[in-house]
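**Student:** Here you go, one structure.
The values are calculated or read from the model by the stated rules, or taken from the named source; none is laboratory data. It should be emphasised that the depicted structure is a prediction, and the values quoted were computed from it without experimental measurement. Here Cβ is always computed from backbone atoms with ideal geometry, including for glycine, and neighbour counts include all displayed protein chains. When the accessible area is computed, the model is the full protein with side chains, heavy atoms only, and any ligands, DNA or RNA have been set aside. Shrake-Rupley method; radii C 1.70, N 1.55, O 1.52, S 1.80 Å.
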Amino acid sequence: MNLPALIAPIADDMKAVDAVIRERLNSDVVLIRTIGDYIIGAGGKRMRPAMVLMVARALGYEGTHHQLLAAVVEFIHTATLLHDDVVDESDLRRGRETANAVFGNAASVLVGDYLYSRSFEMMVEADSMRIMSILSEATTVIAEGEVLQLLNVHDPDVSQERYLQVVRYKTAKLFEAAAQVGAVLAGATPEQEAAAAAYGRHVGTAFQLVDDVLDYSGDAAALGKNVGDDLREGKPTLPLIRVMQVGTPEQQQLIRDAIKTGDADFAAVAAAIQATDALEHARQAAVAEADRAREALSIYPISPFLNSLLEFCAFAVNRDR
């Protein structure tokens, strides 16, 4: 199932979220509006805000605060993208130039800060200390994940466990918070709230692991980013870690050198990955996470919204971009 079909049950909500985003991006400072429009207009899957909406609706929520909070989640995500691209010195995202490549690093960092600040201003309107606690903790954990990833850069001795910790902090945490916020807003039981959090955490982890696979099995046009970017940045992702676990001594040394320098023969690295079970290992790890996500929602009432949440699991694993 493709993404538009998945989000069909919340299509009207998503349109409302887009309207909130446009309204709240408004600023008297022209550069903020320009960069905000540029990065939001780049598209993207909007899975995180969709998760807020879908979980809230799955538990019977009928108000409008879920639209506001979905926009908050998208602002937090966008801020992290702006900062990520500066840290990683990236020049391509979603098939076009990054904001920092167009507007410069300083402007991108400052507009990212603005989006964080705006998101906190908006979340206050929901008048829920529980929701504020979830989202504020999420931003802290995401920042910790960024620093953990920085510590792992160019370190060929990063274990699978250390890498998965970064994934849980840096990527999965916002998925977790998005789903949990939807549950809290709908007045979920403690069990339903915990299930939503677990669902988001596992889907987010699966999503990132598939990104790792696509980095070495896709093409730049399909992925909207430079194939092998993580390697060039010295990031030891799961396929690389797996080659160092099961590859020949020559393959292991090739990957170690590549991670250390970020400047290896990409074709040779890709060949080493293809010659082992590295991609299948990472894909199966993603499938296991998706299965855990499905299981977490077994206590939810049957509805079209629940069906879409369950289909998200398959989408996260089977997508090609």
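**Student:** So residue 79 passes all but one of these: (1) on the phi < 0 side of the Ramachandran plot; (2) over 20 Å from the mean Cα position of the chain (by Cα). Which condition number does it fail?
**Tutor:** (2)
For every residue, the table says whether it meets (1) assigned to a helix (DSSP H, G or I); (2) surrounded by 21 or more Cβ atoms within 10 Å (Cβ to Cβ); (3) touching a strand residue (DSSP E or B) at 6+ places or on another chain (Cβ under 8 Å).
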position: 55; (1), (2), (3): yes, yes, no
position: 66; (1), (2), (3): yes, yes, no
position: 73; (1), (2), (3): yes, yes, no
position: 84; (1), (2), (3): yes, no, no
position: 90; (1), (2), (3): no, no, no
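**Student:** When you scan the stretch 262-321, how many residues do you find that are in contact (Cβ under 8 Å) with a residue 12 or more places away in the chain and part of a loop (DSSP other than H, G, I, E, B)?
**Tutor:** 11
**Student:** May I pose another question? Would you please name the residue that is nearest to residue 98 (Cα to Cα), looking only at residues in the stretch 30-49 that are free of Cβ contacts under 8 Å to residues at least 40 places away in the same chain and part of a loop (DSSP other than H, G, I, E, B)?
**Tutor:** Filtering the stretch 30-49 down to residues free of Cβ contacts under 8 Å to residues at least 40 places away in the same chain leaves 30, 33, 37, 40-41, 46.
With the extra rule that they be part of a loop (DSSP other than H, G, I, E, B), the set shrinks to 41, 46.
Numbers: 41: 12, 46: 18 Å.
Taking the candidates together, the pick is 41.
**Student:** Moving on to the next point. Just checking, how many residues over the stretch 142-163 are under 17 Å from the mean Cα position of the chain (by Cα), open to solvent by 20 Å² or more (accessible area, probe 1.4 Å) and free of Cβ contacts under 8 Å to residues at least 60 places away in the same chain?
**Tutor:** 4
**Student:** Can you tell me which of (1) open to solvent by 30 Å² or more (accessible area, probe 1.4 Å); (2) closer than 26 Å to residue 151 by Cβ; (3) of a type in the set (D, E, K, R) is the one residue 46 doesn't meet?
**Tutor:** If we test residue 46 against (1) open to solvent by 30 Å² or more (accessible area, probe 1.4 Å); (2) closer than 26 Å to residue 151 by Cβ; (3) of a type in the set (D, E, K, R), just (2) comes out false.
**Student:** So, one more: Have a look at 188, 179 and point out the one that is out of contact with any strand residue (DSSP E or B) (no Cβ under 8 Å at 6 or more places or on another chain) and assigned to a helix (DSSP H, G or I). Let's see the steps before the verdict.
**Tutor:** Details: 188 fails: assigned to a helix (DSSP H, G or I).
After ruling out the rest, the residue left standing is 179.
**Student:** Does residue 121 satisfy the condition of being part of a helix (DSSP H, G or I), surrounded by fewer than 19 Cβ atoms within 10 Å (Cβ to Cβ), at pLDDT 90 or above and acidic (Asp, Glu)? Break it down stepwise before answering.
**Tutor:** Details: part of a helix (DSSP H, G or I): yes; surrounded by fewer than 19 Cβ atoms within 10 Å (Cβ to Cβ): yes; at pLDDT 90 or above: yes; acidic (Asp, Glu): yes.
Considered against the rule, which asks whether it is part of a helix (DSSP H, G or I), surrounded by fewer than 19 Cβ atoms within 10 Å (Cβ to Cβ), at pLDDT 90 or above and acidic (Asp, Glu), residue 121 comes out as yes.
**Student:** Within the stretch 289-317, can you find the residues that are exposed (fewer than 14 other Cβ atoms within 10 Å of the Cβ) and of a type in the set (A, V, I, L, M, F, W, C)?
**Tutor:** 299, 302
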